[in-house]
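First the structure, in the form of structure tokens, and then the observations on it.
The values are calculated or read from the model by the stated rules, or taken from the named source; none is laboratory data. If you're wondering where the values come from, they're calculated on a predicted model, not measured in any experiment. Using ideal geometry, Cβ is built from the backbone for each residue, glycine included, and neighbour counts are taken over all protein chains shown.
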Ligand code: NAD
């Protein structure tokens, strides 16, 4: 009984699997070509986001019982085809919730108080006390697009900071302490908009030029969800036009980021898709992924 680890996975998780009597073949740099050659030997494979589990991989994986995604998004796996073939696709949906919610709150505060710009100014040896007048988040409205696990965790934290939280989520009927509303109403009301949706046909460029026309002037945007949910050219234009006062981005339509145009703007701050990049989340993701491997292989 063996499992193929296709992407870098927490060593403690690998140890847990081995302790359960399963052989671990750790190939964190395996290429797509190598994967196609060896996958028929394995009943289970573990991936993060680097490895693409395509139709070809699923066809070649004649012994595959399960694909375990150490993480949340399943964009790199052809889930429908796996289901058609009776191969289980398992992920670790709750393991990174706190980390992504905390990064979102970090961005909320960083945008409100211009922390990255002030840091750059200090590093340049300046003392620009008057240039960086911030704003309080307390008393402001946070509009969530998507209020599942991470959106709700962000809401709890924002409410504790004294914010009013509203949300647009057509698949949720009721949420404690959050007023659900249509997207247009949220766009008109929110001082901050934070996205927490998967990337689907419905959410593709959900913030586009038409949406930016409807936002409050001075709104700040945060995206720690998935690339492709914001039209990046429209965001660039909305910032240039003074409609959007700032944006914090962790995810991009193309990753690694191909066009750094947005980062030429002082109003844009961000990170290279590190929402789940904490020690705690990595350990939790690894542990839950290991449990899923053991469950599928040992029953
Ligand atoms: P979730 O499934 O718990 O919540 C997603 C919510 O989006 C659901 O409530 C769903 O009803 C809602 N939704 C779906 N379609 C919608 C639409 N058209 N309009 C509005 N709402 C819609 O997922 P989650 O765990 O909260 O994760 C949210 C997102 O964060 C996912 O895209 C996930 O991949 C991403 N994520 C990013 C990182 C990172 O590193 N930045 C890490 C983990 C998760």
Original post:
Of all residues in the range 211-227, which are over 21 Å from residue 258 (Cβ atoms) and either within 15 Å of the ligand (Cβ to nearest atom) or surrounded by 21 or more Cβ atoms within 10 Å (Cβ to Cβ) (or both)?
Top reply: 211, 212, 215, 219, 220, 222
Subject >> Selection within the range 168-179 - more than 8 Å from the ligand (Cβ to nearest atom) and closer than 12 Å to residue 151 by Cα >> reply: 175, 178
Original post:
Is there a residue being in contact with a strand residue (DSSP E or B) (Cβ under 8 Å, 6 or more places away or on another chain), within 16 Å of the ligand (Cβ to nearest atom), in contact (Cβ under 8 Å) with a residue 24 or more places away in the chain and within 18 Å of residue 273 (Cα to Cα) anywhere in the range 110-129?
Top reply: yes
**OP:** Grab the strands (runs of 3 or more DSSP E) fully contained in the range 71-186, keeping just those with 1 or more residues being surrounded by 21 or more Cβ atoms within 10 Å (Cβ to Cβ) and at negative phi.
**Re:** 141-145, 164-168
**OP:** For the range 80-88, state whether one or more residues are touching a helix residue (DSSP H, G or I) at 6+ places or on another chain (Cβ under 7 Å), within 16 Å of the ligand (Cβ to nearest atom) and in contact (Cβ under 8 Å) with a residue 40 or more places away in the chain.
**Re:** no
Subject >> Hits in the range 218-250 (condition: in a loop (DSSP other than H, G, I, E, B) and within 23 Å of residue 200 (Cβ to Cβ)) >> reply: 224, 225, 226, 227, 228, 229, 231, 250
**OP:** Go through the range 187-198 and give me each residue that's in a loop (DSSP other than H, G, I, E, B) and near the ligand (Cβ under 9 Å from one of its atoms).
**Re:** 196, 197, 198
**OP:** Take the residues in the range 38-70 that are assigned to a loop (DSSP other than H, G, I, E, B) and within 14 Å of the ligand (Cβ to nearest atom), then tell me which one is surrounded by the fewest Cβ atoms within 10 Å (Cβ to Cβ).
**Re:** 50
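I'd like to know if the range 251-258 contains one or more residues that are without any contact (Cβ under 8 Å) to a residue 60 or more places away in the chain, part of a helix (DSSP H, G or I) and either in the same structural domain as residue 141 (by TED's automatic domain parsing) or within 13 Å of the ligand (Cβ to nearest atom) (or both). Step through it out loud before you land on a result.
Initial filter on the range 251-258 (without any contact (Cβ under 8 Å) to a residue 60 or more places away in the chain): 251-258.
When the remaining residues are screened for being part of a helix (DSSP H, G or I), the result is none.
No, that holds for no residue.
Going by the structure shown, is residue 201 in a helix (DSSP H, G or I), over 26 Å from residue 134 (Cα atoms), in the same structural domain as residue 152 (by TED's automatic domain parsing) and within 15 Å of the ligand (Cβ to nearest atom)?
Numbers: in a helix (DSSP H, G or I): no; over 26 Å from residue 134 (Cα atoms): yes; in the same structural domain as residue 152 (by TED's automatic domain parsing): yes; within 15 Å of the ligand (Cβ to nearest atom): yes.
In short, no.
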